[in-house]
Amino acid sequence: MSTIVLDGESLTLDKAVSALNPSVSIKLSPQSKRNIRQTRAVIETAVHERKIVYGVTTGFGAFSNVIISRSKCRLLQENIVRSHAAGVGLPLPDDIVRLIMLLMVNSKAKGYSGLRLSTVETLLGLIQR
């Protein structure tokens, strides 16, 4: 079984196409894991220290000047996901969904998003299934 290592930089079209085969293993590079953990720590520190961070401790867009309490930061993140959850048309084929998820995880592998490593690993698990 072959393995594709995602780092946010080296995924090629050929590797992405090969990932459509369910027998291909996909994992994060060790550096990506470190980057994701470091960035998440920055987010957690900002929330803990009540720093103003757009979209984390403030609202979005016209509400960017609205400070969100620590107790409501989680709800803010849930609501932004819900506000973007929409679909039209027929469901996409499984291989296209797998490819979209692979590209999303690859972009998160750069470590800029502030996601928990467990979230990215959950997405990887979904791709593998």
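A short reminder: the numbers here are calculations on the coordinates, not readings from a lab. Note that the structure is predicted; figures quoted are calculated from it, not measured. Here Cβ is always computed from backbone atoms with ideal geometry, including for glycine, and neighbour counts include all displayed protein chains.
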So which aspartates and glutamates pass the test for Lys110, namely a Cα distance under 19 Å, with those fewer than 8 places away in the same chain ruled out? Asp7, Glu9, Glu44, Glu121
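With a 10 Å radius around each residue's Cβ, average the other Cβ atoms per peptide and rank 102-111, 83-92, 16-25, highest first. Mind showing how you got there, number by number?
Numbers: 102-111: 19.4, 83-92: 7.1, 16-25: 13.6.
Going by the mean number of other Cβ atoms within 10 Å, highest first, we get 102-111, 16-25, 83-92.
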Read phi for every residue in segment 59-68 and hand back ³J(HN,Hα) as whole Hz from Karplus 6.51 cos²θ - 1.76 cosθ + 1.60, θ = phi - 60°, with x for Gly and Pro. x, 10, x, 4, 9, 5, 8, 8, 7, 9
Candidate lysines - alpha carbon under 22 Å from Lys51, same-chain residues fewer than 8 apart omitted: Lys72
With only alpha-carbon atoms counted, please give the Rg and Dmax of segment 84-129, in Å. 11.8, 32
Share of pairwise Cα separations in the chain, more than 25 Å, in percent: 37
Centre separation in Å (Cα based) which lies between segment 14-29 and segment 89-120: 13
From phi via Karplus (6.51, -1.76, 1.60), per-residue ³J(HN,Hα) for segment 73-86 in Hz, x at Gly/Pro: 4, 5, 4, 4, 5, 4, 5, 5, 5, 4, 5, 9, 7, 8
For segment 120-126, take each phi angle, set θ = phi - 60°, evaluate the Karplus expression 6.51 cos²θ - 1.76 cosθ + 1.60, and give the result in whole Hz per residue in order, putting x for glycine and proline. 5, 5, 5, 4, 4, x, 5
Along the charge dipole of the chain, pointing to its positive end and built from +1/-1 on Cβ of Lys, Arg, Asp and Glu, which listed residue (Ala19, Tyr54, Val81) has its Cα farthest out? Tyr54
